[in-house]
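Read the figures in this text as sums done on the coordinates, not as results from a lab. Owing to the predicted nature of the structure, the values given are computational and were not obtained by experimental measurement. Note that we place each Cβ from the backbone using ideal geometry, even for glycine, and neighbour counts take in every protein chain shown.
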Amino acid sequence: MLTLYGVYRSRASRPLWLLAECRTPFSHVPVIQAYRLADPLAGDAPLNTATPGFLAINPSGQVPALQDGALVLTESLAICLHIARKYGGDLGPQSDDETALMENWALFAATAIEPAALEILYTPDDGSADRTRILRAATDRLSRPLARLEAHLTGRDWLFDRFTVADIMLAECLRYGAGHAPAMAAFPQTCRWLDAAHDRPAFQTMWAARLAEPE
Ligand SMILES: N[C@@H](CCC(=O)N[C@@H](CS)C(=O)NCC(=O)O)C(=O)O
């Protein structure tokens with residue numbers, strides 16, 4: 001049995017979306033980030049990333065984590081790739097070349113997209129000149145990888161010839177920055193692709209569960 005640790009309001013959203021696509025049975029343990037709690041080690045605190053029991057699973061104290069029998073994985077995109085390969089049917093790679101390309105998209109998402117997208121998400125909306133400067137720089141940093149993605153998606157519905165785990169990994173990393181209109185304005189094919197990913201019933205299921213969690 002698969003056990004996935006991590007609340008929906010975390011990078012656990014990535015494997016949770018994928019698991020909803022696969023309809024694979026799993027056990028969900030909603031471990032919350034310790035920094036979101038006033039006293040994570042209080043006796044009545046919910047299971048969190050500083051709880052000794054969870055640190056025994058992921059000593060880095062971060063979610064998500066996945067247990068699949070004796071195997072423990074603690075990186076969201078490695079978790080997604082593993083689930084897709086083992087349980088995902090054609091959501092996962094069907095050849096060695098597809099394996100390599102899906103890993104390529106995962107690393108592209110994690111290195112070229114996520115850092116700048118997160119900077120957009122976490123820059124407080126305080127109207128300051130500093131905010132304008134940070135958002136402009138993050139938008140600039142996204143422009144080359146997004147131009148590459150835009151070219152790839154032109155004439156294609158998905159990254160591969162079908163919807164796969166690669167779309168989930170990349171869409172989830174880009175989601176953090178996609179609300180900043182100037183970052184996306186030059187990339188209509190990428191916006192169309194992201195909207196189509198978010199229209200999928202499995203994304204909607206994941207998103208509804210996320211919205212139902214306390215902020
Ligand atoms: N690269 C890791 C990052 C994991 C991560 O930063 N998780 C956050 C929640 S989204 C967390 O657990 N933060 C708690 C902490 O760092 O103390 C992944 O993609 O899984």
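Here are the numbers for the structure shown:
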read-out	value
Computed log₁₀ I(q)/I(0) - Debye formula, equal Cα scatterers, no solvent, region 1-128, q 0.10, 0.18 Å⁻¹	-0.37, -1.04
Charge dipole (region 145-215, unit charges on Cβ, about Cα centre) - positive-most of Ala183, Ala197, Leu149	Leu149
Within the chain, longest stretch free of exposed trypsin sites (Lys or Arg not before Pro) [DSSP loop, at most 16 other beta carbons within 10 Å]	24-155
Value of Rg/Rh across region 93-202 [Cα atoms, Kirkwood radius]	1.00
Relative contact order of region 2-90, pairs being alpha-carbon contacts under 8 Å that are 6 or more residues apart, as %	34
Dipole magnitude of the chain about its Cα centre (Cβ charges: Lys, Arg +1; Asp, Glu -1), debye to nearest 20	160
Charge dipole (region 2-90, unit charges on Cβ, about Cα centre) - positive-most of Thr74, Leu55, Gly88	Gly88
Computed [θ] at 222 nm, deg cm²/dmol, the chain (DSSP H ≥ 4; -39,500 (n - 2.57); rounded to nearest 500)	-16000 deg cm²/dmol
Rounded to the nearest 20 debye, dipole of region 93-202 from Cβ charges on Lys, Arg, Asp, Glu	380
Dimensionless Rg ratio for the chain, taking C-alpha atoms and the 2.2 N^0.38 Å reference	1.05
